[in-house]
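Worksheet: the structure to be examined is printed underneath.
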Amino acid sequence: MNQKNKIAHLRKCEYTKTCELRFDMLIRANGTEEIMGIKSQVKSTDTVSSLIAEISNRVNEAIGPNSSNPIDAVLKVNGKTVNNTTVLMDFVKNVTTNSLTVTLSIFQHEYSVLINFPCVKQMRLPSVIYVGYPTQLVKLTFFNASKKTSKFIWYKSLEQQKWVKVGEGYEYVPTVNDGNHFLKVICVPFSEFKVKGSPFEVISEHKVIELTEFPRCPFEVRHQYTKQKLKKNELRIVTYNILADKYVDNIRYSYCSPQALGIHYRKQLILKEVKGYNADIICMQEVDELHFKSFFKEKMQELGYKAVFHRKGNNLPEGLACFFDSLRFKLLSFKQVVLRCEVERRKQFSEIAHLLNQNQALKHEFMKQNTSLQVIVLRNNDSNNIVIVGNTHLFYHPDANHIRLLQMFMETKFLYSMKARYLRENPKSNVVVLFCGDFNSDPDKSLYPAIINGTIDPMHPNCLQISESGGARIYHKFFFQSACGTPKYTNFTPTYKGCLDYIFVEKNSVTVKQVVPVPDENELNRYEGLPNDYYPSDHVPLIADLVIAPKLKKFTN
């Protein structure tokens, strides 16, 4: 077996408490040759012999299912074989501290082993790149390096043969001269101590194109219902999952033209759509942090909106955004509740924490999710009403109805406590709660009736997944109705078509004046799915005009 690349990387990861060794190997099997990446990972408290055994297993897997021969792999320091009983974490520390030379011998070939060198783990360009629009990497992860410390060089080519340098820096704005060219970016990773790693390059899937004029879109028919802004004790609310760019790929949306999938096309279409709704409050889900900061925040501000944004789970590059008319409303407060972080921290969630602690499998699944509740509290300048807006995006998995029930239980508890607080502090104001978002649940599943009815039978199959004894008492104290009912479709893709999005309002204090009809079935069935050239997301927004009733005389805390 010939080996072209004789560099291996050994890394000790503090977060996972593991040691990982990676190298490329030329595999020859069934008359063909292929360079394959070999990754071996063991606990940092394991010995060198464990790593050697793992290398043997991974190489045999790469060679083929019929290969099970022991692989002769040896680690050496300054030419001397390392004792197999040496603990890996001690080995890495000793080599790093004393600047020793490490090699890996395998199949009579020798690799230079680089210890904790900076490297790029993954990198990807947007699927569509437009002339005149800033282009950044949509996926970029490092080991022992960062975007700030690393170097980026951009090139262009007509046929991916001769490459011409066009720029440097993390962001590049293609010019007219770059049109009809492929782009390539090379990242040279550097650690904070200026240690240089191996360059990593990626080439665009498609050539750079110019953004064409937008077509007349079917959603413009909906604008006929929202020509005027509302006043006084009325308000128009929108909820819209706008499809984060990180979830867009050419395989999932293969029916869709590359231009229509591009974020710069879609974000302009989203702006055009929501602008025509003349809404007072707009709740968005799956908002890319990058495009919120560089586009939506500024463009919506030009239309008279202020905005609040939270990263999903505080750690994903997409999240929840709420825009509100700055002339009609004053922002009193805002907060994000990351469910997994707060469930054991706040006394008000003790019932939920108890259920989780009684079922470790359930707790493990619940605590993995980044699900968040975004809350903004607004005072209406026209009527002195206080509006508490909850914006959420519940766990997506189709078999996780029980998880969504717990998430709803937790979120409604928090919203109810917020209402009680603001009623105490503002006894002369009417305080209403609007609960919006992508709930990832059909109306015929357990979540919707639980929200509408305020409770669910503890013996319901989904509750029995939480507590086998039927002890999962899940409820809330609101009297909710779905402002837009249960449309047949709010999400329309080739693999799923149904209603997942809702605007829940308190029926004892809010009257629904108008619901803007969603596109009808015949209209949506003209397309294989959303998004496409006419619809910028795989969801359609819900829009409702609401009237806030006079203040209630009594509120039960």
note = Projected area averaged over all directions for the convex hull of the alpha carbon atoms of the chain, nm², comes out at 30.8 nm²
task = Send over the per residue convex hull volume for region 119-203, Cα only, as a whole number of Å³.
result = 84 Å³
task = For the chain, calculate the relative contact order in percent as a whole number, restricting contacts to Cα pairs under 8 Å that are 6 or more residues apart.
result = 10 percent
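Would you mind working out the magnitude of the charge dipole of region 218-548 relative to its Cα centre, with +1 at each Lys and Arg C-beta and -1 at each Asp and Glu C-beta, to the nearest 20 Debye?
Details: 42 positive and 35 negative charges, 274 e Å.
Here region 218-548 has a charge dipole of around 1320 debye.
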message = With an 8 Å Cα cut-off and a minimum separation of 6 or more residues, compute the relative contact order for region 119-203 in percent.
response = 34 percent
message = Run the helix sum for the chain: -39,500 (n - 2.57) per DSSP H stretch of 4+ residues, divided by residue count, reported at 222 nm to the nearest 500 deg cm²/dmol.
response = -6000 deg cm²/dmol
Solitary cysteines of the chain, where the nearest other Cys Cβ is not under 4.7 Å = 13, 19, 119, 187, 217, 256, 322, 341, 463, 484, 499
inquiry  = Quick check on my link table: of 93/151; 39/148; 229/299; 306/368, which ones sit more than 21 Å apart, alpha carbon to alpha carbon?
reply    = 93/151; 39/148; 306/368
Value of relative contact order over region 428-513, rounded to a whole percent, pairs C-alpha under 8 Å and six or more apart = 36 percent
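Determine, for 520, 538, the number of other Cβ atoms within 10 Å of each Cβ, and report the residues in order from fewest to most.
Ranking 520, 538 by Cβ neighbours within 10 Å, fewest first, gives 520, 538.
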query = Can you sort 32, 16, 493 by how many other beta carbons sit within 10 Å, fewest first?
reply = 32, 16, 493
message = Could you tell me how many cubic angstrom of Cα convex hull volume region 76-137 has per residue?
response = 164 Å³
inquiry  = Within a 10 angstrom radius of the beta carbon, how do 163, 154 rank from fewest other beta carbons to most?
reply    = 163, 154
key: Mean projected area in nm² (Cα convex hull; one quarter of hull surface) for region 263-406   = 10.0 nm²
Cα long-axis angle, helix 88-98 against the chain (0 to 90 degrees, to the nearest 10) = 70 degrees
query = So, in Å, what gap is there between the alpha-carbon centers of region 137-176 and region 45-99?
reply = 35 Å
key: FRET E, pair residue 275, residue 203, Förster distance 30 Å, beta-carbon r, rounded to 0.05   = 0.25
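For region 124-180, which GluC sites (Glu not before Pro) pass both filters: DSSP loop (anything but H, G, I, E, B) and at most 16 other C-beta atoms within 10 Å?
Counting only loop positions with at most 16 other Cβ atoms within 10 Å, the GluC sites (Glu not before Pro) in region 124-180 are 159, 171.
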task = Take every DSSP beta bridge whose two residues both sit in the chain, then give the antiparallel share in percent to the nearest 5.
result = 85 percent
task = Please determine, in degrees from 0 to 90 and to the nearest 10, the orientation of helix 401-425 with respect to the longest principal axis defined by the Cα atoms of the chain, where the helix direction is its Cα long axis.
result = 50 degrees
ask   = Structure shown: which of 165/207; 267/293; 312/335; 12/363; 43/246; 312/363 lie over 21 Å apart, alpha-carbon to alpha-carbon?
value = 12/363; 43/246
message = Skipping prolines and chain starts, which residues have an amide H placed within reach, meaning under 5 Å, of the one on residue 131, given they are 5 or more residues away or on another chain?
response = 209, 210, 211
Region 394-464 and region 330-363: distance between their alpha carbon centers, rounded to Å = 13 Å
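No value in this document is a laboratory result; all are computed from the given coordinates. In this text, all values refer to a predicted model and were calculated from it rather than measured experimentally. Every residue, glycine as well, gets a Cβ built from its backbone with ideal geometry; the counts of neighbours run over all protein chains shown.
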